Amino acid sequence: MSEQTLSDTKALVTGGASGIGAAAVRALAARGAHVVVADIDHDAAGRLADEVAGEAWAVDLTDTAALAELRLDVDVLVNNAGIQKVSPIQDFDPVDLHRILTLMLESPFLLIRAAVPHMYERGWGRIVNVSSVHGLRASAYKSAYVAAKHGLEGLSKAVALEGAPHGVTSNCVNPSYVRTPLVDRQIADQAAAHGIPEAEVVEKIMLTEAAIKRLVEPEEVGELIAFLAGPSAGMVTGSSYVMDGGWTAS
């Protein structure tokens, strides 16, 4: 495997039909990987899979009973699927807490569990977990999301230690607010939670901690994911790569 190609690899990207996931799919495919676009939206996954000559997998990642029976023959696993709920903790529905933890922590665990036997057998593998600046910093009104991302950070490090003797790396990428539908859907909830107009949410809430005052572009995150998935990142493991415009610098 050369330093410039992933042509001998098969990659799986969850939440792959839009946003960061779609950017990662395109970046990995551009490097020659055969990419499986996993998403609950079957039609969107199919369209993107056709675009990159990959394949689509329509899957509900909250169906953990089904995931527990999986065995995956993939060389690169990108755990990206996620949802958000913005609410004061006293009003936070426990059903939403369970759904977020299931999708964003339990399902990555099960997918990693399903993928590592193949990676260990090959002696090579890359696991990239799409965390967040909220995996390193907390924000009010996002208790479940922050808890899930902090848990994902710990999971990723444990997998890095176990995978190292087998040529398997595990890392997190930690963007701040990315220009995606997930962020767009937060604006009204953030406005309500903070008591400000929707037009002020990006400036006063989303960008207030960042030194660079703009949203992250999905393609920027996709390129970082592709680097961590590549041969040249063989000595990068157990790390959290922050892409937050300087948020965590202070």
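Here are the numbers for the structure shown:
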read-out: Filtered residues of the range 203-226 (kept if farther than 14 Å from Thr9 by Cβ and outside any loop (DSSP other than H, G, I, E, B)); value: Glu203, Lys204, Ile205, Met206, Val216, Pro218, Glu219, Glu220, Val221, Gly222, Glu223, Leu224
read-out: Of residues in the range 109-133 being buried (at least 23 other Cβ atoms within 10 Å of the Cβ) and without any contact (Cβ under 8 Å) to a residue 60 or more places away in the chain, the one nearest to Arg185 (Cα to Cα); value: Ser132
read-out: Residue among Ala24, Ala115 that is within 19 Å of Pro175 (Cβ to Cβ), modelled with pLDDT of 95 or more and outside any loop (DSSP other than H, G, I, E, B); value: Ala24
read-out: Filtered residue count, the range 27-44, keeping only those that are part of a strand (DSSP E or B) and surrounded by 22 or more Cβ atoms within 10 Å (Cβ to Cβ); value: 5
read-out: Within the range 195-239, tally of residues that are touching a residue at least 12 places away in the same chain (Cβ under 8 Å) and among the basic types (Lys, Arg); value: 2
read-out: Of residues in the range 168-202 being assigned to a strand (DSSP E or B) and hydroxyl-bearing (Ser, Thr, Tyr), the one nearest to the chain's Cα centre (by Cα); value: Ser170
read-out: Odd one out for Gly82 among (1) part of a loop (DSSP other than H, G, I, E, B); (2) under 23 Å from His118 (Cα atoms); (3) modelled with pLDDT of 95 or more; value: (2)
read-out: Residue, nearest to Ala29 (Cα to Cα), within the range 193-250, restricted to residues that are among the charged types (D, E, K, R) and modelled with pLDDT under 90; value: Arg214
read-out: Only listed residue being of a type in the set (Ser, Thr, Tyr), under 28 Å from Gly123 (Cα atoms) and not in a helix (DSSP H, G or I), chosen from Thr5, Thr62; value: Thr5
read-out: Output for the range 65-93, where each listed residue is among the charged types (D, E, K, R) and under 17 Å from Phe109 (Cα atoms); value: Glu69, Arg71, Asp73, Asp75
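The values are calculated or read from the model by the stated rules, or taken from the named source; none is laboratory data. What you see is a predicted model; the values in this text were computed from it and never measured. Here Cβ is always computed from backbone atoms with ideal geometry, including for glycine, and neighbour counts include all displayed protein chains.
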